[in-house]
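All remarks here apply to the structure that follows.
No value in this document is a laboratory result; all are computed from the given coordinates. Bear in mind that the values here come from a model prediction, so they are computed numbers and not experimental data. No Cβ is skipped: glycine too gets one built from the backbone with ideal geometry, and neighbour counts run over all protein chains shown.
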Amino acid sequence: MAGSTLASPTADAAPLGSASRARYVSPARDTWRRFRRHRLAVAGLAVLILMMVAVALGPLVWRVPINDIDFNAQLAGPSWAHPLGTDDLGQDVLARMLYGGRISLAVGLAAMLVAVVVGTIVGALAGISRGSVDTALMWLTDLFLSLPQLPLLLLLIYLFRDPLKQLVGPELGVFLLIVVVIGGFRWMQVARLVRAQFLSLREKEFVEAARALGATKWRQVVRHILPNSLGPVIVAGTVDVAAAIIAESTLSFLGLGFPPDIPTWGRILFDAKDTLDIAPHWALFAGAAIFLAVLSINFVGDGLRDALDPRKVM
Amino acid sequence: MTRYLLRRLLIAVPSLLGISLVLFTVLALAPGDPFGELASNPNVPPEVAAALRAKFGFDDPVWLRYLRWLVAMLHGDWGFSFVSRVDVDRLIWQRLPVTLIVIGSSQILALVIALPVGVFSATRPYSLFDQIANTLAFIGFSLPTFFTGILFILVFSIYLHWLPFVFRGDLGITGWRWYWEEFRQAAMPVAVLGLFQGASWTRYVRSAVLDVIRLDYVTTARAKGIAEFAVVTKHVVRNALIPVVTLVALSMPLVFGGAIVTEQIFRVPGIGSLLISSILANDTPVIMAVTFVFACLVILFNLTADILYGWLDPRIAYR
């Protein structure tokens, strides 16, 4: 297994030295080697990449405008002119979904970044400092864990939506608000994981060695402890993307997310639910897109968990 | 056990205070006076507005306002709904039972699915059953509740005409038919919530049982000649449930989120749909009170989890 060390130098140390250099596998490659064994995770990754390419390049290929109103084609089912049908104003659902997908996926990624950055900072601070700082930060984490998240999300968006809209414009304002608020309610898991990793890593020999060599606390954390505690954080971050996408769709579905002219997947579902009986395709495509994205991300997270778990020998 | 319970109750007080502090901070930081709907109305003359501000104490220091708000909340004086023109606590007491029934029965459904399926797949890891159950569980908790709700309405109400898709608070019938109609209209919301929870709990149960089943005392129990079924139910499951209870208690806020969405989809007249409608109508006292009730419910469930710990593992209770 890569990374194993011999207890003592033996007679064949010289050939082994050159051979082991040739067989050196970087952590990323090693992870990929393990990740590949999880077939569903690889499939999930493929679907995810496909979706990202579709929303990134799709609008360049499928050049139908998202707000082209056509009352002759109201609520039409899938056809060659409109592969995913049209909505109640005769707007092309495919074009709207490609555009909305950008926002949904961007919200997911950005909220994950917020959660991971905040969580890592809180967890690292708690893990490296003992005593009252640690206690206070962990109390804060537990408090956030027991907050009723969706009601508070709705409350915050209700209270701060209009002022932010006036401040930075409707689109960016709502985007920032949703990202910060969703990320601000999802950092606790990361913080706990990072703290747990820090508590065990800071007593390890390599950190002690760095300390003995005179590394400052900052250097110990940034160069030695943090890189070694990233595995669980990556897994938690992946799952957070899925959770953030669901959270954003939920907000939009309740009519409190993005305004109607920004058709995120949740918003499309919200608009479509009243005509479910005559135009089920409208709701089904948007819902399926959310489901597919979330399912693939969850599978990728599961594959990463298997690949990054050092206890598991493959 | 009583002392343990009392201690847990005392620990719940600071978290309740913390939550109320968070709620109040949000309110205080929010631009404008969310409570000042009346005071900022242009039809109200400025003197009246100023008198109102003074009466409700908007110009007092923040800590004083927090204390006053907290005392009022604890007294059950939750204010007056701007829209419905009734006291907020009456509104909430009307709506709360429906929410609790829907959430409660969905949790029972989730438990009924998750326990047997999780235990069965953990006793046969990587078998065909395990793989199918695992994939289904993944699909189950990747399906957002709002999409499952729409799918259910589409299939069971629109195509099959089996179930009503609007939940009615007052059915206007009595006797057995009332129970039957209640069951029919609650079936879809409960199933949506229960299946979602059941899917994620199945995975918790499975991994917890897998961790326990390899331990030595399980081998000892088998070696003593106890039947496999008794080994699993008496020795494995009871110990495996301890981490599961933790995870379930931690996921409670998520359950309430799901409940809000389901109530909205099926128009269940519970406090979740009350929250949404009052947000859309800018009815601040109701919004604050419902959020606070949700917070209390989360803490209540955490307390229940603590009591369950004491029952599952008596060592915890006597520590």
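Positive contributions from Lys and Arg (+1) and negative ones from Asp and Glu (-1), summed over other residues with Cβ under 13 Å from the Cβ of A:Leu172, come out at +1. Angle of helix B:176-213 to the longest C-alpha principal axis of chain B, folded into 0 to 90 degrees and rounded to 10: 60°.
Peptide B:146-158 has a mean shielding of 5, counted as Cβ atoms of other protein chains within 10 Å of each residue's Cβ.
I'd like the per residue volume of the convex hull spanned by the Cα atoms of chain B, given in cubic angstrom. The partial results should precede the final answer.
On the way: hull volume 61.0 nm³, N = 319.
For chain B, the hull spanned by Cα atoms encloses 191 Å³ per residue.
Extending 7 Å from Cα along the Cβ direction at B:Trp176 and again at B:Trp93 yields two label points whose distance is 3.5 nm.
Helix-only arithmetic for chain B: the sum of -39500 (n - 2.57) across DSSP H runs with n ≥ 4, divided by the residue total, places the mean residue ellipticity at 222 nm at -24000 deg cm²/dmol.
What 222 nm value per residue comes from the helices of chain A, counting each DSSP H run with n ≥ 4 as -39,500 (n - 2.57) and dividing by all residues, nearest 500 deg cm²/dmol? Intermediate results must be reported in sequence, preceding the final value.
On the way: 12 runs with 210 residues, N = 314.
Computed ellipticity for chain A at 222 nm equals -22500 deg cm²/dmol.
Taking the longest Cα principal axis of chain A as reference, the axis of helix A:39-61 is set at about 50 degrees.
Between B:Phe229 and A:Ala43, the simple label model (points 7 Å from Cα in the Cβ direction) yields a spacing of 3.6 nm.
Report the calculated FRET efficiency for A:Lys204 and B:Ile242 (r = Cβ-Cβ distance, R0 = 30 Å), to the nearest 0.05.
For A:Lys204 and B:Ile242, the calculated efficiency is 0.55.
Would you mind getting me the FRET efficiency between A:Val53 and A:Trp32? Use the beta-carbon distance for r and R0 = 22 Å, nearest 0.05.
Numbers: r = 20 Å, r/R0 = 0.90.
Approximately 0.65, to the nearest 0.05.
Would you tally the net charge around A:Met138, using a Cβ to Cβ cut-off of less than 15 Å, leaving A:Met138 out, and scoring K and R as +1, D and E as -1?
Working: positive: A:Arg130, A:Arg192, A:Arg195; negative: A:Asp134, A:Asp142.
Charge balance in the 15 Å sphere: +1.
Among the trypsin sites (Lys or Arg not before Pro) within the stretch B:154-246, those in coil by DSSP and having at most 12 neighbouring Cβ atoms inside 10 Å are B:Arg214, B:Lys224.
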